[in-house]
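Below is one structure, written out as structure tokens; the observations come after it.
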Amino acid sequence: MTSVDRWQLPDGVEEVLPERARTVERLRRRLLDLYDSWGYRLVIPPLVEFTESLLVGLGEDLDLLTFKLTDQLSGRTLGVRADITPQVARIDAHSLAEEGVTRLCYAGSTLHTRPKTLMASRSPIQLGAELYGDNSLAADVEVIRLMLATLETAGLEKISLDLGHVGIYEAVLDTLILTAEQEQTVFDALQRKSVPDLEAALDDVDEISRELVIALVQLHGDEDVLVRARELFAEKVPAALPAIDAVQEVAADIRNQRPDLDIYFDLAELRGYHYHTGMVFAAYAPGHGQALANGGRYNDVGAVFGRARPATGFATDLKALLDLLPAEQVPRGAISMPDNDDPALLTLADELRSAGEVVINCLSTEPDPRCDRRLVDRDGEWQVEPL
């Protein structure tokens, strides 16, 4: 191993250097202030937890993404969080245990054993908001609006919204008798929208049922998708109709406030299906294939912590957002201060810093390269002058 290789980071794990870190932190603060203004309270879950609480009831996908290690104190297995949402659900159900509606938000690093997509980071900085205790579509609409406000506050102007509902897929599958292995194959094929794989997985299913499942692949596009879905499922899968109605109602509420927003419907969208229970949604930017933020309803995840609660929320990755943001203005320069213990100089430096200036103590003969001004003593009075 060469000295260069020794200091390389693992694939998909990045360090954030000064200018980019400054931008990430400013963005994090703006967004947490936004959530605070909507009534969402900040929580800071731990980086690691016992896997019994971190992963229970959340499906194989999250389990595979989670790094695991042994706790040297207890001998039990710990997991490094791959998703903060389950931790916040535990806080709502167990640590807070409040009655009524609880709104929480968070921001923190996560770690994945493998990238979720080809170009994704394995160390996202996850930021999001969760709403507990209300099972209404109004709660879903609030969270979607906050998700859109998140991207706009970050500086993204052109956004499209993707809406779906896992209840449609569940209703169609309830008409079939499939093994767990077959259902997983169907799920994977629908995610890839692969008709040949669906046909192979459903080879021993009756033709009418097979066509209903395969039809889900085509149910994406504008609002005409909902019309076609009602016509298709009205007689054969009536249990899907309430979910279709829910998607339409949510879209109408969002459009009422944002008539110019592009809304895309995908009734085979199953992102997070293993713990989502209703509406699912995602936000995209033109020319960027991956969702910038996504979320959905995940009722009753808190049951494993003693309280089954309605829940809906969303999350985004600050690192991924940063790649799409317009360049920030170059920060203004700094002021060089001589290494001097004069109380008047130190007082002035504190005042300048309080006013938003950067004042850097000069420890050598040359000021910091960022400095474009300096503090100089003119007849016993300290003044700011150009360098």
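The values are calculated or read from the model by the stated rules, or taken from the named source; none is laboratory data. Given the structure is predicted, the values throughout are model-derived calculations rather than measurements. Here the Cβ positions follow ideal geometry from the backbone for every residue, glycine too, while neighbour counts run over all protein chains shown.
One table, with the values for the structure above:
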{"item": "Pair list, Cβ < 9 Å and 6+ apart or interchain, from the range 301-324 residues that are more than 20 Å from residue 282 (Cα to Cα) to residues that are in a strand (DSSP E or B)", "result": "301/311; 302/132; 302/311; 309/102; 309/132"}
{"item": "Residues that are over 15 Å from the mean Cα position of the chain (by Cα), farther than 18 Å from residue 116 by Cα and either in a loop (DSSP other than H, G, I, E, B) or outside the structural domain of residue 133 (by TED's automatic domain parsing) (or both), drawn from the range 270-320", "result": "277, 278, 279, 286, 287, 299, 300, 306, 307, 308, 309, 310"}
{"item": "Helices (runs of 4 or more DSSP H) lying entirely in the range 119-237 (those with 1 or more residues that are closer than 23 Å to residue 266 by Cα and assigned by TED's automatic domain parsing to the domain that holds residue 307)", "result": "137-154"}
{"item": "Any hit, the range 151-165, residues being more than 24 Å from residue 287 (Cβ to Cβ) and buried (at least 16 other Cβ atoms within 10 Å of the Cβ)", "result": "yes"}
{"item": "Failed condition for residue 184, given (1) surrounded by 15 or more Cβ atoms within 10 Å (Cβ to Cβ); (2) modelled with pLDDT under 90", "result": "(1)"}
{"item": "Condition check for residue 379: out of contact with any strand residue (DSSP E or B) (no Cβ under 7 Å at 6 or more places or on another chain), outside the structural domain of residue 23 (by TED's automatic domain parsing) and either at pLDDT below 95 or acidic (Asp, Glu) (or both)", "result": "yes"}
{"item": "Residue 352 vs. criteria more than 30 Å from residue 87 (Cβ to Cβ) and of a type in the set (A, V, I, L, M)", "result": "yes"}
{"item": "Hits in the range 239-269 - residues which are free of Cβ contacts under 8 Å to residues at least 40 places away in the same chain and within 24 Å of residue 207 (Cβ to Cβ)", "result": "241"}
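Yes or no, residue by residue, for (1) of a type outside the set (Val, Ile, Thr); (2) within 20 Å of residue 139 (Cβ to Cβ); (3) surrounded by 22 or more Cβ atoms within 10 Å (Cβ to Cβ); (4) touching a Cys at 6+ places or on another chain (Cβ under 9 Å):
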residue: 267; (1), (2), (3), (4): yes, no, yes, no
residue: 280; (1), (2), (3), (4): no, yes, yes, no
residue: 287; (1), (2), (3), (4): yes, no, no, no
residue: 290; (1), (2), (3), (4): yes, no, no, no
residue: 296; (1), (2), (3), (4): yes, yes, yes, no
residue: 300; (1), (2), (3), (4): yes, yes, no, no
